[in-house]
Amino acid sequence: MRLQQITTTSLSALCLLIITSVAQAQLTGTMDIDIGGLPTGGADPPNDEVLMIDLGTGGQDAVIIGVGWDVTITANDPSWLSHASILFADSFGFSQNPAGLPEFGGDDFSGTASYSSGGIEDITMIPIPGIEDTFDLSFTAPGGILTLVLNEFVDDLSLAPDGLWESPSLVTVRYTYIPEPASVTLLCMATLGLLSRRYRNHTNER
């Protein structure tokens with residue numbers, strides 16, 4: 001009986017340690033989002049393509065810390081490839097034009113072309129040109145739901161749509177979140193109950 005109490009106490013202490021560790025732990029996830037076949041949208045919100053992406057955090061807030069892309073864009077004349085934009089939030093979030101910014105070195109012409117970020121860009125450490133310093137553009141996806149907006153830097157009103165994200169076109173996000181401890185607590189309690197029952201059965205057999 002004494003040994004059973006010690007074992008149960010040890011298991012309880014282990015569960016408490018796991019719960020405390022998980023409550024303080026920050027998990028990292030990565031998700032690929034397929035935007036192939038979707039129009040590039042427009043400069044006005046009614047013409048945007050808005051995607052609500054569940055990052056699978058169990059309802060916990062997620063912090064977007066990295067973005068990447070491997071996309072192919074078709075820009076219909078007179079729209080430019082540099083007009084196609086990806087906004088990683090529903091308002092003032094992190095935005096990227098895979099073909100570069102219009103009139104600032106971007107591909108300011110129509111046609112079809114492919115672009116890659118060459119991996120996931122860490123947006124918590126964006127370098128400041130000419131200065132040995134960085135700034136942080138990470139942002140929160142409330143409840144683990146990322147709003148991804150596909151729009152046009154400039155909307156050519158004579159076109160509908162201005163262009164197309166060809167298939168395959170993937171956008172990648174990396175994020176962190178703190179898991180909800182309640183689910184871990186339930187799992188730990190269930191495991192503790194199962195181990196205790198097995199121990200009692202083993203003791204009775206002896």
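Every number here is computed from the coordinates shown, using simple stated rules; none is lab data. All figures in this text were calculated on a predicted structure; none of them were measured in a lab. Note: ideal-geometry Cβ built from the backbone for every residue, glycine included; neighbour counts use all protein chains shown.
Here are a few things to note about the model shown:
- Along each principal axis, Cα extent of region 29-180, largest first, Å: 48, 38, 25
- For region 68-82, the Karplus equation 6.51 cos²θ - 1.76 cosθ + 1.60, evaluated at θ = phi - 60°, returns couplings of x, 7, 9, 10, 10, 10, 10, 10, 7, 4, x, 6, 9, 4, 5 Hz by residue, with Gly and Pro reported as x.
- Note on Tyr175, Tyr115: ascending count of other Cβ atoms within 10 Å places them as Tyr115, Tyr175, the fewest first.
- Residues whose placed amide H lies under 5 Å from that of Asp162, excluding near-sequence neighbours: Thr40, Gly41
- Sparsely packed GluC sites (Glu not before Pro) within region 80-144, loop by DSSP, other Cβ within 10 Å at most 11: Glu103, Glu132
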